[in-house]
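The values are calculated or read from the model by the stated rules, or taken from the named source; none is laboratory data. Keep in mind it's a predicted model, so treat the numbers as computed, not measured. Reconstructed Cβ throughout: ideal geometry from the backbone, glycine too, with neighbour counts over all protein chains shown. Accessible surface areas use protein heavy atoms only, side chains included; no ligands, DNA or RNA. Shrake-Rupley method; radii C 1.70, N 1.55, O 1.52, S 1.80 Å.
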Amino acid sequence: MFDLGDSLLMLASCRISAYDVVMPNGIPRKGEVLTQISHFWFDKYADLVPNHRVADGLPDHLAHLAPRSMVVKKAEPLEIECIVRGYIAGSGWKEYQREGTVCGIQLPENLLESAELEQPLFTPSTKADEGHDENISFGQAVEIEGREVAEKVRDLSLQIYTEAREYARERGIIIADTKFEFGKLDGELILIDEVLTPDSSRFWPLDEYEPGRGQHAYDKQFVRDYLETLDWDKTPPGPVLPDEIVTNTLAKYKDATARLFH
């Protein structure tokens, strides 16, 4: 992030993190892929909610950074992250196995891992300066941001996710869940950060989807799955990713992009 005075220059690097730890080596061209996906969704939903972009382009002397950059407005980020879950996976699946709930929301009995939920769930979380973000109830989100703001970002998050999920499904991708971030600019809510990328969402190939197990993923779950095979305590420093994991991860990102833009 670079301060340009009245705006910011956001550069998406090739670094990759998992379990809140940045790995020593990155995924080549990852920053370009994620930036172009975000541009796509920002364009698609610009009439629904304003976003933080100032312009897609850069001055000539910075043109080489354009594929992985955004010039954005300075906004005040909300203190909550807006997570929408359309399928039961990850930490939600682990909680369901223990409690029969996802983020405290009671779900029907006997659901399978990766099952599609009857209705997408809005499950906000806090933003932790250190350590892991913490899931909170909608009531707690209201206490933090006020009812009007909390209800508006909930409704926007659910609408964008539902529409984007249908769009992606028609192109062979299941968006299982995602995270949105909103900010305030001159008293108006705007969409900020990244949108519906393989880093902020779970992308699954539709033709390989099968409830009852973990899914093959386009997102960085592929890296998480590899890390789970190691004797690593999920604290820094992270392990170096083998060339095979790097190559396959990039291929997944690029395949997801090609399908979305088709």
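Some values worked out for this structure:
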quantity	calculated
Helical segments meeting 20 Å axial Cα length and Kyte-Doolittle -1.0 threshold in the chain (DSSP H)	30-44, 147-169, 243-260
Phe122, Phe2, reordered so the largest accessible area comes first (probe 1.4 Å)	Phe2, Phe122
Fluctuation leader among Gln106, Gln215, Gln97 - the chain, Gaussian network, Cα springs under 10 angstrom	Gln106
Proximal lysines to Lys73, defined as alpha-carbon separation beneath 16 angstrom and excluding residues fewer than eight positions away on the same chain	Lys184
Cβ crowding within 10 Å averaged over residues, with 186-192, 205-211 ranked highest first	186-192, 205-211
Region 10-60-region 83-103 distance, computed between alpha-carbon centres (Å)	27 Å
5 angstrom amide H check on Ile83, placed H, neighbours 5+ away	Thr123, Ser125, Phe180
Per-selection Rg to Rh, region 12-58 - Cα, Kirkwood hydrodynamic radius	1.09
At most 15 other Cβ within 10 Å, DSSP loop - trypsin sites (Lys or Arg not before Pro), region 1-99	Arg15, Arg29, Lys74
Accessible area of region 164-231 divided out per residue, in Å², using a probe of 1.4 angstrom	41 Å²
Listed residue pairs exceeding 27 Å between alpha carbons, taken from Lys94/Lys234; Lys74/Lys234; Lys44/Lys220	Lys74/Lys234
Calculated SAXS-style log₁₀ I(q)/I(0) at q = 0.09, 0.20 Å⁻¹ - region 133-262, Debye, Cα scatterers	-0.35, -1.19
Sequence ranges 252-261, 108-117, ranked by mean other-Cβ count within 10 angstrom, highest first	252-261, 108-117
Size of charge dipole - region 116-211 - debye, nearest 20, with Cβ of Lys, Arg +1 and Asp, Glu -1, no other charges	160 debye
Computed [θ] at 222 nm, deg cm²/dmol, the chain (DSSP H ≥ 4; -39,500 (n - 2.57); rounded to nearest 500)	-10000 deg cm²/dmol
Spatial extent of region 81-153: Rg and Dmax, with the Cα atoms as the point set, Å	12.9, 36
Computed P(r) (all Cα pairs; region 1-113; 5 Å bins; percent)	2, 9, 14, 15, 16, 14, 12, 9, 5, 3, 1, 0
Centroid-to-centroid separation of region 104-121 and region 187-232 [C-alpha atoms, Å]	18 Å
